[in-house]
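See structure below.
A short reminder: the numbers here are calculations on the coordinates, not readings from a lab. Given the structure is predicted, the values throughout are model-derived calculations rather than measurements. Here Cβ is always computed from backbone atoms with ideal geometry, including for glycine, and neighbour counts include all displayed protein chains.
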Amino acid sequence: MKICVVDDEFAVRSGVIHKLNGLNKPLEVFDAEFGLAALEKIREIRPQIVFADILMPELTGLELLQKLKEELPSIRVFLLTGYSEFEYARKAIELGAMGYLLKPADRSELLKAVESVRQEGIIRLESDFRRYAQQLREWDVHLEPDELHKPFDWYDDAVPKRIRLAAEPQCLSMETERIVLSFTYKLHIYGAVVQADWKEPDCFMRGEQFITACLQETERWETRQFFGTPDGAGRRGGEAQLKQAAAKRQAVVQAVKELNVPAVEAQLADFLQHIGRLELKQLRKESAYLMAALEETLTAGHDIAIVEEDKLAYWTSWVKAHPSWLELRSRMERFIAGGAKALSELDSSQQPTDLVDKAMQFVNRCKGSDINLESVASALSVHSVTLSRMFKQQTGENFVRYAVRHKMMQAERLLRESEKKVGEIAEVTGYTDYRYFSQLFKQAYGLSPSEYRKRHARTER
């Protein structure tokens, strides 16, 4: 925090500066002298607090206050006054001063003034950060504030800042002295906004630039973690590459319709090799679109695969749950190639007649994060496509929708009975995509998770 002291008496300024420096707080205290020279220094330094005498030659404390309110309204001004100057002090409060201190300024009163401004900055930043976090959820970026170290550096346009992310908190320990604020990303990734150098890339100065900077940094982080490479350099995503991906995807769907297992394996390998060179966002989109297009083909036997919006959302969430390209590619190979093979060999008379009942029992006794097509099929020792097709044949309902209904019931109970944050409940019930979780919950209960919790709390009172 930067503080300027303004008084026409050198001894008074020196005394106030000495007391402020003795508060054992992270303060930068400047002797701003008085008059027009003081105004120029304040313009240059841009402090958070100004302590100024009321009666001074050339430019009085009240005149200085008026100019600062016009030019630099975020600066908090405290007036130093004598016993005979209370009328001036009253006028100062009317003009927007934070308060006034009797001369000689007592150390405890100076500390109280500094703390009041610091708390004001923290409250303001808490509010702004919550607003930014809410906006970022629209892009499936979930942040939770941790500690607000230097709120005034956040609002100081002269301080360049950048975002750091790390898998372990100790990875940020070398940045401790430069941390402006810290937060968690997706509940288990540690992040911080740190003071930067103008020469560093990807800096931002103003708070409203944080959202763009955060989206860029989280995308870089996700890309590095997903592909296991330092950056996303060399990845493509132009129109030509996307058209090729669509053609290769259609070739996979056609091979699956024909239950031609060798062709499925060959076309799928070609598709995966192609999208593996795309940017992460496009790779995930292409993967989800293929899985959604194949769901009806594999499980219901329809000749035409129509991608419905809710199924695309489900498979998008499924794709995002895989932390690496190696894992996602392996799961897609098992599901698609293995599913085509299982269907080509399927003889319903050879399947246990109680398979669907066992699947329902498994879903009913598991927590939400353990309920998915693959885990249930694995527990019952059948391929997931076999389970999905038999489930729909016997119940008329898609297994995914059946499982989602139970997950929403678990989420509803946790919202009523626990103090877990909504983001934590989403993860507990198996959803890494907060926006998708909220959409499903609202479809089931007519309210967003946050709205449902508030209404239920009011009802109980």
Quiz item: On a 0 to 90 degree scale, rounded to 10, what angle separates helix 399-417 from the longest Cα axis of the chain?
Solution: 30
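Could you please rank Ser384, Ser287, Ser317, placing first whichever residue has the fewest other Cβ atoms within 10 Å of its Cβ?
Ser317, Ser384, Ser287
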Quiz item: How long are the semi-axes of the ellipsoid equivalent to segment 319-461, from square roots of 5 times the Cα gyration tensor eigenvalues, in whole Å, largest first?
Solution: 32, 18, 11
Practice problem: Per DSSP H run of n ≥ 4, the term is -39500 (n - 2.57); total these for the chain, divide by its residue number, and report the mean residue ellipticity at 222 nm rounded to 500 deg cm²/dmol. | Solution: -18500 deg cm²/dmol
Quiz item: Rounded, prolate or oblate: which fits segment 1-109, taking a ≥ b ≥ c as square roots of the Cα gyration tensor eigenvalues, rounded meaning a/c under 1.5, else prolate when a/b beats b/c?
Solution: rounded
Exercise. Specify the angular offset, from 0 to 90 degrees and rounded to the nearest 10, of the alpha carbon long axis of helix 384-395 from the longest principal axis of the alpha carbons in the chain.
Key: 80
Quiz item: How long is the chain along each principal axis, judged by its Cα atoms, biggest number first, in Å?
Solution: 101, 56, 35
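Using Cβ counts within 10 Å as a stand-in for footprinting exposure, how do Glu200, Glu219 rank, fewest first?
Numbers: Glu200 11, Glu219 16.
Least to most surrounded, the residues fall as Glu200, Glu219.
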Self-check item: Eligible aspartates and glutamates near Lys2 by straight Cα distance, threshold 12 Å, same-chain separation 8 or greater
Solution: Glu28, Asp31, Glu44, Asp153, Asp156
Quiz item: Given C-alpha coordinates of segment 369-443, what is the ratio Rg to Rh with the Kirkwood estimate of Rh?
Solution: 1.03
Quiz item: Which value results for Rg/Rh of segment 5-48 when Rg is the Cα radius of gyration and Rh the Kirkwood radius based on the inverse mean 1/r?
Solution: 0.98
Practice problem: Any chance you could give the angle, 0 to 90 degrees and rounded to 10, that helix 449-460 forms with the longest Cα principal axis of the chain? | Solution: 80
